[in-house]
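Okay, so here's the structure we're looking at.
The values are calculated or read from the model by the stated rules, or taken from the named source; none is laboratory data. These numbers were taken from a predicted model, which means no experiment stands behind them. For neighbour counting, all protein chains shown are included, and Cβ atoms are generated from backbone atoms with ideal geometry for every residue, glycine included. All accessible areas refer to the heavy atoms of the entire protein, side chains included, with ligands and DNA or RNA removed. Shrake-Rupley method; radii C 1.70, N 1.55, O 1.52, S 1.80 Å.
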Amino acid sequence: MVTNLYSFKSFISLSIILIFSIGGCQTNHKKYSTDPTILKEGEKVFTTYCSSCHGIEKAGIGPKLGGTTKILAFEWLEKFVKRPKDVIDSGDARARKLFDKYGAYMPDFSFLTDQQLHAVLSYIDHETEVLKIPIIANDLDPDIENNRPDKKPSAEPVRPSGLVLEIEDFITLPPSSEHAPPVRISNMRPGPVSKNQIFVNDQRGIIYRIAGNEITTFLDIRSEIASFIDAPGLGTGLGSFAFHPDYLKNGAIYITHTEKYEGKTADFHYADSIKVAMQWVLSEWKMEDPTADVFKGTRRELLRINVPSGIHGVQDMNFVPEVKPGDKEYGMLYIGIGDAGSTIGGFPQLCHSLNSFLGTIIRIDPQGNNSPNGQYGIPRDNPYYESKDPNTRKEIWAYGFRNPHRISWTGTSDRKLVVADVGELSFEELNIVEPGKDYGWNVREGNYQIDPFDLSNVSPLTEKDTVYQYPFAQYDHYAGQAICGGHTYDGQIAKLKGKYIFGDIVSGKLFYTERIENSSVMAPVYELSVQYKGIETDLKKIVNNQRVDLRIGEDHFKNLYIMSKADGKIRKIKDVSMSAQ
């Protein structure tokens, strides 16, 4: 069970595989209820905290949950779900073996009441029987042995850089929940009115304005959207926001968010046989007074998308920075859309197609009106604008992405669109995105080929083809679990100039690459160390959590900030030095 998910493949798998494989005891079936009211509550808990990663019958990011209650005692399951780290650190041989393999703890669910825990385990037990799910062998799954790390595909190792980022506390956002994480901090934007302001969103539905050490609520969409949801899945909620380049004139802000599915007509939909888990919505919020510190104005919906799960949704979006009126890119909004879990959910046909928004980067003119629904514009220089196929989504700029986590551009003299794409089982990648190119997911991951119907089937290419665009840099799952996109540094620290700074969401490791170009040879990736309060350390220790939930932000002056959901804090990169180690 997990409250959130970003493709934390290993992280999630560890938690439930442990449930499957540690034990040797049998459940007392009298512990589980068949009361319809309790089962309904259990289904609610399952949907909120588990379903974004796991099914009862089918594996998702983590293995299926059906059968677990038949081989493990209620008392053990209760202890593990509430305090997984304690169970792993207790010295259990199997738990330690699996932890050594996956290298991450599952977050605890101590906030679940005894009634909620009993209800969800009763629901899993009941569904196991109703669906006649085969009972899992009460031993280590042979696949764990057959897929040891030394048998997994690997990339060129991340290299030590010898550089140490000196970071300092900047600000702590107010908690938006009593449950972890305290703040679901996600994106940072330079203020459109004052160079000394920045805006940051909490995925639970809030955009904050930060001026100096003062934090105020700029917009809380929860009071404006009755169907707004921010669970399940780490990617749900208020996904991203962007100020229009003409904001001071038109007051336009663009926001993506998730809503529960209530039958509203979607601009992108699929066969009724596949369940709609929720809807992603792109909307324009228009300020009455663009110079005001608190939003007051109107909202207009531009685009609504059906998705089959709560993961890999509408990720980042932004306008190309620092372009002038008259430039063809002025006012063009780029939006990264993940495959919405369609591939791991068993519906690979929903993505990797010009007929689908899923797994794409789209480019629109939000002030235009030539879209199918008339609510936004499709630029005539988009690569598929002239397509004769009536089903082609002409908004698509490029496709073949699994989870395009962050998008940014290199400097204005040689502007490139860089997208960090979160991988599945083996690789995390950086792509230079060019119009009309296919980036390969779900038949490619990094520079390897995969089987979309068996994602564990990853194999080297016999020869590099020209059908797909391959990443210019990548790292494997020895180095991290899920890529966090960043920025090409253009601030005042000379040693960082021109480096693309990025990181790993789970571990909080920070990396850079200097060569941002496509080549037959991957650009090397270097790891940055961190110094905090005069001590060389790492972000896990700084945030006091095994899952950092890293994000990287940038202000008007090109300063970079390290943001962590684990403690809701923003820290600023103030300098760089050479490592003494």
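Note on the stretch 287-298: residues that are touching a residue at least 24 places away in the same chain (Cβ under 8 Å) and either assigned to a loop (DSSP other than H, G, I, E, B) or over 14 Å from Phe218 (Cβ atoms) (or both) total 7.
A quick yes/no check of all residues on (1) among the basic types (Lys, Arg); (2) touching a strand residue (DSSP E or B) at 6+ places or on another chain (Cβ under 7 Å):
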site: Ile305; (1), (2): no, yes
site: Gly310; (1), (2): no, yes
site: Val323; (1), (2): no, no
site: Lys328; (1), (2): yes, no
site: Met332; (1), (2): no, yes
site: Ser342; (1), (2): no, no
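Return a yes/no flag: does the stretch 449-462 have any residue that is surrounded by 21 or more Cβ atoms within 10 Å (Cβ to Cβ) and farther than 25 Å from Ser283 by Cα. Within the stretch 449-462 (the criterion being surrounded by 21 or more Cβ atoms within 10 Å (Cβ to Cβ) and farther than 25 Å from Ser283 by Cα), the answer is yes, since at least one residue qualifies.
Can you find, within the stretch 393-425, the residue that is surrounded by the most Cβ atoms within 10 Å (Cβ to Cβ) among those that are assigned to a strand (DSSP E or B) and either among the basic types (Lys, Arg) or in contact with a Pro (Cβ under 6 Å, 6 or more places away or on another chain) (or both)? Outline the logic, then answer.
At the first step, the residues of the stretch 393-425 found to be assigned to a strand (DSSP E or B) are 396-399, 404-409, 417-421.
From what is left, the residues that are either among the basic types (Lys, Arg) or in contact with a Pro (Cβ under 6 Å, 6 or more places away or on another chain) (or both) are 397, 406, 419, 421.
Values: Trp397: 23, Arg406: 23, Val419: 24, Asp421: 30.
Per the stated criteria, the residue is Asp421.
The residues in the stretch 342-370 that are open to solvent by 10 Å² or more (accessible area, probe 1.4 Å) and part of a loop (DSSP other than H, G, I, E, B) can be counted, and the count is 12. One residue alone among Glu301, Glu284 is under 19 Å from Tyr376 (Cβ atoms), open to solvent by 30 Å² or more (accessible area, probe 1.4 Å), not in a loop (DSSP other than H, G, I, E, B) and not hydrophobic (A, V, I, L, M, F, W, C), and that residue is Glu301.
Of the residues Ser564, Ser529, Ser519, which is at pLDDT below 95 and not acidic (Asp, Glu)? Quick ask: steps written out before the conclusion?
On the way: Ser564 fails: at pLDDT below 95; Ser529 fails: at pLDDT below 95.
Only one candidate qualifies: Ser519.
Is it fair to say Asp267 is of a type outside the set (A, V, I, L, M) and farther than 17 Å from Gly377 by Cα? Taking the combined requirement at face value, the residue does not satisfy it. Residue count for the stretch 199-221, restricted to those that are within 21 Å of Ile542 (Cβ to Cβ) and in a strand (DSSP E or B): 4.
Pairs linking a residue in the stretch 507-531 that is under 15 Å from Gln469 (Cβ atoms) to a residue that is of a type in the set (Phe, Trp, Tyr) and assigned to a loop (DSSP other than H, G, I, E, B), with Cβ atoms under 8 Å and 6 or more positions apart or on different chains, are Ile516/Phe472; Glu517/Phe472; Asn518/Tyr470; Asn518/Phe472; Ser519/Phe472; Met522/Phe472; Ala523/Phe472.
Please indicate, with yes or no, whether at least one residue in the stretch 561-578 is more than 22 Å from the chain's Cα centre (by Cα), surrounded by 21 or more Cβ atoms within 10 Å (Cβ to Cβ) and closer than 14 Å to Leu165 by Cβ. Within the stretch 561-578, one or more residues are more than 22 Å from the chain's Cα centre (by Cα), surrounded by 21 or more Cβ atoms within 10 Å (Cβ to Cβ) and closer than 14 Å to Leu165 by Cβ.
Within the stretch 547-560, count every residue that is at negative phi, in contact with a Gly (Cβ under 6 Å, 6 or more places away or on another chain) and open to solvent by 10 Å² or more (accessible area, probe 1.4 Å).
The number of residues fulfilling the criteria is 2.
Within the stretch 286-309, the residues that satisfy the criterion of being farther than 11 Å from Pro366 by Cβ, of a type outside the set (D, E, K, R) and in contact with a Phe, Trp or Tyr (Cβ under 7 Å, 6 or more places away or on another chain) are Met287, Pro290, Val294, Phe295, Gly297, Ile305, Asn306, Val307, Pro308.
Does Ala479 satisfy the criteria of being over 26 Å from Gln349 (Cβ atoms), in contact (Cβ under 8 Å) with a residue 40 or more places away in the chain and open to solvent by less than 20 Å² (accessible area, probe 1.4 Å)?
Here the answer is yes, as Ala479 does meet what is asked.
Scanning the stretch 209-238 for residues that are of a type outside the set (A, V, I, L, M, F, W, C), open to solvent by 10 Å² or more (accessible area, probe 1.4 Å) and either free of Cβ contacts under 8 Å to residues at least 12 places away in the same chain or closer than 20 Å to Met317 by Cα (or both) turns up Arg209, Glu214, Asp220, Ser223, Asp230. Of all the residues in the stretch 251-277, those that are buried (at least 16 other Cβ atoms within 10 Å of the Cβ) and within 25 Å of Asp365 (Cα to Cα) number 13. Out of (1) touching a residue at least 12 places away in the same chain (Cβ under 8 Å); (2) surrounded by fewer than 17 Cβ atoms within 10 Å (Cβ to Cβ); (3) of a type in the set (Gly, Ala, Ser), the odd one out for Gly377 is which? The number of the failed condition is (2). When restricted to residues that are at pLDDT below 90, open to solvent by 70 Å² or more (accessible area, probe 1.4 Å) and either aliphatic (A, V, I, L, M) or assigned to a helix (DSSP H, G or I) (or both), the stretch 21-39 contains 3. Restricting attention to the stretch 530-538, does a residue exist that is surrounded by 23 or more Cβ atoms within 10 Å (Cβ to Cβ) and under 29 Å from Ile88 (Cβ atoms)? Within the stretch 530-538, none of the residues are surrounded by 23 or more Cβ atoms within 10 Å (Cβ to Cβ) and under 29 Å from Ile88 (Cβ atoms).
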